[in-house]
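*Asks:* Supplied in structure tokens, the structure appears directly below.
The values are calculated or read from the model by the stated rules, or taken from the named source; none is laboratory data. Since this is a predicted model, take the numbers as computed values, not measurements. Here Cβ is always computed from backbone atoms with ideal geometry, including for glycine, and neighbour counts include all displayed protein chains. Ligands, DNA and RNA are stripped out before the accessible areas are found, and what is left, the full protein with its side chains, is counted by its heavy atoms. Shrake-Rupley method; radii C 1.70, N 1.55, O 1.52, S 1.80 Å.
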Amino acid sequence: MTDTTQPRYLTISWEQFHRDARTLASRLLDKEPFQKIVAVTRGGLLPAGIMARELEIRLIDTLCIAGYDDTKMGAKANILKKPDGEGEGVLVVDDLVDSGRTGRIVRELLPKAYFVTLYAKPEGRKTVDDFVVPIEQDAWVLFPWDVELLPASPLVRRKREKK
């Protein structure tokens, strides 16, 4: 038997994404001063840039992990590049923690880092130190760079076209 349920999507706008990144940065103002940010690629690049501006951090590095292929998680995460050190004075930033697999990798590679995400699903929450928005486990998040804007027909026209 095949699963015929449609995936549930949560669409995040550029404005909401920026607001959530700034909210997260504001929570870090009283934390230890971070010497650098490590962005988990690729999703962490944009929130890391916003947070680097808000926290006035100029040194940014990357932890490059390939774990997803479009809309499905791969069987194994591949570490393509990792930063030096154990993460002391480092803020690690990602867009979303889902199953916690990437979070566990971050914790193993950078055990002294402070790890944050904008969005967190229940299975991954225990791997991060902070996040802004809780997301249901079965929702698929569509980030602004994942969607295209298309013209929309008026509702009455759509109703006529269905007939």
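*Asks:* With L80, L91 as the choices, which residue is within 14 Å of K36 (Cα to Cα) and part of a strand (DSSP E or B)?
*Replies:* Unique residue meeting the criteria: L91.
*Asks:* Kindly provide the set of residues from the range 1-50 that are within 12 Å of L118 (Cα to Cα) and in a loop (DSSP other than H, G, I, E, B), ordered by number.
*Replies:* I12, G43, G44, listed by residue number.
*Asks:* Scan the range 1-25 for residues that are under 22 Å from T127 (Cβ atoms) and out of contact with any strand residue (DSSP E or B) (no Cβ under 8 Å at 6 or more places or on another chain) and jot them down.
*Replies:* A25
*Asks:* Every residue in the range 89-120 that is open to solvent by 20 Å² or more (accessible area, probe 1.4 Å) and aliphatic (A, V, I, L, M), please.
*Replies:* Across the range 89-120, the qualifying residues are L96, I105, L109.
*Asks:* Which residues, taken from the range 6-51, are open to solvent by less than 100 Å² (accessible area, probe 1.4 Å) and polar (S, T, N, Q)?
*Replies:* T11, S13, Q16, T23, S26, T41 - these are the residues of the range 6-51 that are open to solvent by less than 100 Å² (accessible area, probe 1.4 Å) and polar (S, T, N, Q).
*Asks:* Among E123, E86, which is open to solvent by 70 Å² or more (accessible area, probe 1.4 Å), outside any helix (DSSP H, G or I) and over 20 Å from I12 (Cα atoms)?
*Replies:* On inspection, the qualifying residue turns out to be E86.
*Asks:* Which residues, taken from the range 128-163, are under 30 Å from V38 (Cβ atoms), open to solvent by less than 80 Å² (accessible area, probe 1.4 Å) and part of a loop (DSSP other than H, G, I, E, B)?
*Replies:* Across the range 128-163, the qualifying residues are V128, D129, I135, Q137, F143, V147.
*Asks:* Take L63 and decide whether it is under 15 Å from V116 (Cα atoms), in contact with a Ser or Thr (Cβ under 8 Å, 6 or more places away or on another chain) and surrounded by 20 or more Cβ atoms within 10 Å (Cβ to Cβ).
*Replies:* Yes.
*Asks:* Then there's this: Output the number of residues of the range 94-120 satisfying the condition of being hydroxyl-bearing (S, T, Y) and part of a strand (DSSP E or B).
*Replies:* So the answer is 3.
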